[in-house]
Amino acid sequence: LKDAFKADFLVGAALNESQFTGSNAVEAALVKAQFDSISPENALKWENVHPEPDHYNFGPADRYVKFGEANHMVIIGHALVWHEQTPAWVFQDQNGRPVDRATLLNCMSNHIFTVVGRYKGRIKGWDVVNEALAADGSLRQSPWFKIIGPDYLVKAYQLAHAADPAAELYYNDYAIEDGPKRQGLIRLIRQLQAAGIHLTAVGIQEHANLNWPTPQAVDEAITMFHRLGVKVNITELDINVLPDAGAGNGADVGLNVASDPALNPYTNGLPASVQQALARRYAELFAVYVKHHADMERVTFWGVTDAGSWLNDWPVRGRTNYPLLFDRASQPKPAFISVLETAGQAKAARHQAAGASASLTGTAQ
Ligand code: 9MR
């Protein structure tokens, strides 16, 4: 993958601990062979790295960064300010009452300086604020918003920049490919820029399914964000092939699969027709990415093999999902081949264009 897209963008994967510690040797080898960028699936989230007020746990995160360095990969940080996987003590005092603005800002500052500072010059860029938008495009009513106010985003970016002035600063979110949330993000980017924040890139997570988002929507979204002067990355790509169980965006219905086996139809393997549909779907999305290669730095998958995907447990626990390019035995799927073919077609088209312009120049002379 990394070689096929060398002229286009980095190809990344979100890693779990068994991959970056090497305890899963097969998947660690697969990561080294295929990817030139990594993201930490959970190791750098607040609840893991900073579980108690005066206690940081850098063991796994250090090993994540070392793995990336040892393999000459572009190392991404995820995520500093988010409403999930953040311990309750961040937002509440010992009596369970919300802390005040000054206290929370101070806590945010300590966290960002400690975590970003530790990996200064080693982690290339950070998802500074993650998922701050609600479905209607307004700012989500998170504890960050309610306690600090809407300027918590500007503060977070200023702190991250101060902690590592060379680090790239990202805003990362899901379902921003279309609709009011896309418009909300456009407003948010403008507001951050007006406040003097140098946002490097927007991360489109791209948790897709077989029908959504349309390639046109992705094409438009990349164009619209890039027009504002930011790069656009695909940061959490996967394609859910299972019935949606009526869950809306971001809603964890927490169903147990035992309650309805129709929600888990492919426990004995993916039917060939769905396998092909997945391959076509990956090809059409990658065709959009290569079209925009000049505006993008990275396409990152949210996981490595189907076995480890979060989509086996969301929005229904205990399912057998098939969202990635490598199967449960770490073998490439038809979707892997179709993604490589898309890279090959892009290369051939560029080659042809270069040839055409060379012969045009030849005629002119
Ligand atoms: O893949 C992650 C999973 O292991 C965690 O349990 C989950 C907790 O919310 O977060 C998952 O990763 C999320 C990412 O950090 C932000 N965007 C959505 C991802 C999928 O939920």
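State which entries of LYS2/LYS45; LYS6/LYS66; LYS45/LYS231; LYS124/LYS231; LYS155/LYS181 exceed 20 angstrom in Cα-Cα distance in the structure shown. Those over the limit are LYS2/LYS45; LYS6/LYS66; LYS45/LYS231; LYS155/LYS181.
Across segment 107-231, Cα-Cα pairs more than 19 Å apart make up 48 percent of the total. The length gained by stretching the chain between ARG328 and VAL154 to full extension, at 0.36 nm per residue less their Cα-Cα distance, is 58.5 nm. Spatially, segment 7-27 and segment 137-216 are offset by 25 Å when compared through their Cα centroids.
Would you please report the Å³ per residue occupied by the convex hull of the alpha carbon atoms in the chain? Show your work: numbers first, answer last.
Working: hull volume 57.7 nm³, N = 365.
With only Cα atoms used, the chain gives 158 Å³ per residue.
Among 262-275, 134-147, how do they line up from the highest to the lowest mean number of other beta-carbon atoms within 10 Å?
On the way: 262-275: 13.2, 134-147: 16.6.
Output ranking for 262-275, 134-147: 134-147, 262-275.
For segment 1-119, the percent of C-alpha pairs falling in each 10 Å distance bin, counted from 0 to the bin holding the largest distance, reads 13, 39, 26, 15, 6, 0.
Kirkwood Rh, Cα Rg: Rg to Rh for segment 57-128? On the Cα set of segment 57-128, Rg over Rh gives 1.06.
As a proxy for reagent exposure, ranking ASP100, ASP219, ASP127 by other Cβ atoms within 10 Å from fewest up yields ASP100, ASP219, ASP127. The label-point distance for GLN92 and HIS198, in a model that sets each label 7 Å from Cα toward Cβ, rounds to 4.1 nm. Along each principal axis, taking the top coordinate minus the bottom one, the Cα set of segment 119-171 gives 36, 20, 12 Å in descending order.
Quick check on packing: order 158-171, 344-357 by the mean number of other C-beta atoms within 10 Å, highest mean leading.
Going by the mean number of other Cβ atoms within 10 Å, highest first, we get 158-171, 344-357.
Panel note: the C-alpha atoms of segment 87-138, placed on their principal axes, show extents of 39, 32, 18 Å (largest first).
In this structure, the amide hydrogen of ARG328, modeled 1.01 Å from its nitrogen in the peptide plane, lies closer than 5 angstrom to those of ASP306, ALA307, counting only residues at least 5 positions away or on a different chain.
For the chain, what does -39500 (n - 2.57) per DSSP helix run (n ≥ 4), summed and divided by total residues, give at 222 nm, in deg cm²/dmol to the nearest 500?
Details: 11 runs with 146 residues, N = 365.
So the calculated ellipticity at 222 nm is -12500 deg cm²/dmol.
With the simple model of a label 7 Å out from the Cα in the direction of the Cβ, SER138 to GLN216 spans 3.0 nm. Among VAL116, THR86, LEU169, pick out the residue whose Cα is farthest towards the positive end of the charge dipole of segment 84-172, where Lys and Arg carry +1 and Asp and Glu carry -1 on C-beta, about the Cα centre. Selected residue: VAL116. Counting other Cβ atoms within 10 Å as a rough exposure proxy, the listed residues SER109, SER37 run SER109, SER37 from fewest neighbours to most. Listed from fewest to most Cβ neighbours within 10 Å, the set ILE222, ILE76, ILE186 follows the order ILE186, ILE222, ILE76. Report note on the peptides 85-92, 59-66: ranked by the mean count of other C-beta atoms within 10 Å, highest first, their order is 59-66, 85-92. How much of the calculated P(r) for segment 289-346 lies past 20 Å, in percent of all Cα pairs? The share of Cα pairs beyond 20 Å in segment 289-346 comes to 38 percent.
Only the coordinates and a few stated rules stand behind these numbers; no lab work does. Quantities reported herein were computed from a predicted structural model and do not represent experimental measurements. When we count neighbours, we look across all protein chains shown, and the Cβ atoms used for this are built from the backbone with ideal geometry, even at glycine.
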